[in-house]
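Everything on this sheet refers to the single structure shown next.
The values are calculated or read from the model by the stated rules, or taken from the named source; none is laboratory data. In this text the structure is predicted, and so the values were computed from the model without any measurement. No Cβ is skipped: glycine too gets one built from the backbone with ideal geometry, and neighbour counts run over all protein chains shown.
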Amino acid sequence: MNQEAYRSIDVDVFKEILENELFNSDESKNVDVLKLVKRISTVEIKLQGLNLDIKKESSRIKFKQYGFRVKADFNIETKSDVFENETIIKLIPQTVYELEDVIKKLPVPYCDNGKKLKMLMGDSFERLKIKSKNILRNSANDDQIVHYAKKNIQVAQRNCYDARMFLVKIQKTGNRDAIFLVFMANVFMINVHAYLLKMFSSYYDDTKNEKDKQKAELYDIIDLNVIMEPEIEYKRRNEKKEVEYDFVFPKFKWNLQVNQLLTMIYDLQHEKDGDSHPILEADPKDIQEALNRMFVDRKGKQLNKLTIKTCLSESRSDKRAQGNKRIDVKKYFDL
């Protein structure tokens, strides 16, 4: 994989993500996200010769070309191929990059695999951004940028099509969890495609396949009869919950800022114990419902459901308490 950066097809990784075990319920129980990142983002650089100064050769590697922010984010392993007279340097990721963008229309993952898929695709998206910015900053000329943009945008467009076809296939199984995961992947790939179109708009223009068109094509193939719960089942389940909730929930008055309480709950959901289990583990909808019914603010008003949902959303860190106003939950646990 020792080639000039502008010749690489960096969006292939998103097609590879569609083919991993996250979409197979029998194999996904013990999937570790970092292991998946290592599998799909490890880089092999082949150099001619066997008796090379590895330290010297490693120092020459332009790691941003391969999607790494800093050297500390990867380990180096080497091996020799005596038949090809080559030394292979492997760059192995040691960090899962957290998604920095807010992906519009991306549903909040409600299951473990959904959270893992979001982390995996978010990591790949962040690495793609590093690579594409490297192309813009370090290419020798505009022709190289055009070459990279055209190839990667075309492959990203193909990925969107393949993801839609995968959704058509999965919908036939009636498995709502699997459908949810593939829908998430579709939304992610549309945003990857839109990102590349915007990033390289000065070098490659493709107005035929903009984001709105991709979204329309995705929504056209969604089978609502498969993914929506029958109305009568929904009413029965929720009527039952209403009775149970009305019976068991007392009222507690919270005299600090509401987002301090919600931030504390969010932190308890995301901090892990020694066995990697969340300190507070429950269905997100149940937590939201309990907070709404159990707590009132300093004025005695019931907490707003939308406020609760927004503050507990992973993508809305701007709504959570910051700095000294954040209640430090770690000091109460041996973490």
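Please determine whether any residue of region 323-335 is surrounded by fewer than 15 Cβ atoms within 10 Å (Cβ to Cβ) and under 25 Å from P107 (Cα atoms). The answer is no, given that none of the residues of region 323-335 is surrounded by fewer than 15 Cβ atoms within 10 Å (Cβ to Cβ) and under 25 Å from P107 (Cα atoms). Within region 61-83, the set of residues being within 21 Å of M119 (Cα to Cα), outside any helix (DSSP H, G or I) and in contact (Cβ under 8 Å) with a residue 12 or more places away in the chain comprises G67, F68, R69, F74, N75. Looking at region 86-205, the helices (runs of 4 or more DSSP H) lying wholly inside it that each contain 1 or more residues that are within 18 Å of V31 (Cβ to Cβ) and in contact with an Asp or Glu (Cβ under 7 Å, 6 or more places away or on another chain) sit at 112-138.
Just one of the listed residues (S41, S58) is in contact (Cβ under 8 Å) with a residue 40 or more places away in the chain, touching a strand residue (DSSP E or B) at 6+ places or on another chain (Cβ under 7 Å) and of a type in the set (G, A, S), and it is S41.
Hey, can you tell me all the residues within region 43-74 that are touching a Pro at 6+ places or on another chain (Cβ under 8 Å) and either more than 22 Å from L136 (Cα to Cα) or among the charged types (D, E, K, R) (or both)? So that I can check it myself, show each step before the final result.
Step one: list which residues in region 43-74 are touching a Pro at 6+ places or on another chain (Cβ under 8 Å), which gives 68, 73-74.
Across region 43-74, the qualifying residues are D73, F74.
If you filter region 275-320 down to residues that are within 27 Å of D32 (Cα to Cα) and among the acidic types (D, E), you find that the one that is surrounded by the most Cβ atoms within 10 Å (Cβ to Cβ) is E314.
Of everything in region 87-107 that is surrounded by 15 or more Cβ atoms within 10 Å (Cβ to Cβ) and over 18 Å from Y66 (Cβ atoms), the residue that is modelled with the highest pLDDT is L99. Using the structure shown, decide if A72 is of a type in the set (G, A, S) and within 15 Å of F14 (Cα to Cα). So A72 does not fit the description; no. Within region 294-318, the set of residues being in a helix (DSSP H, G or I) and touching a residue at least 60 places away in the same chain (Cβ under 8 Å) is empty.
Could you please give the count of residues in region 131-161 that are charged (D, E, K, R) and more than 22 Å from the chain's Cα centre (by Cα)?
Residues that pass the stated criteria total 5.
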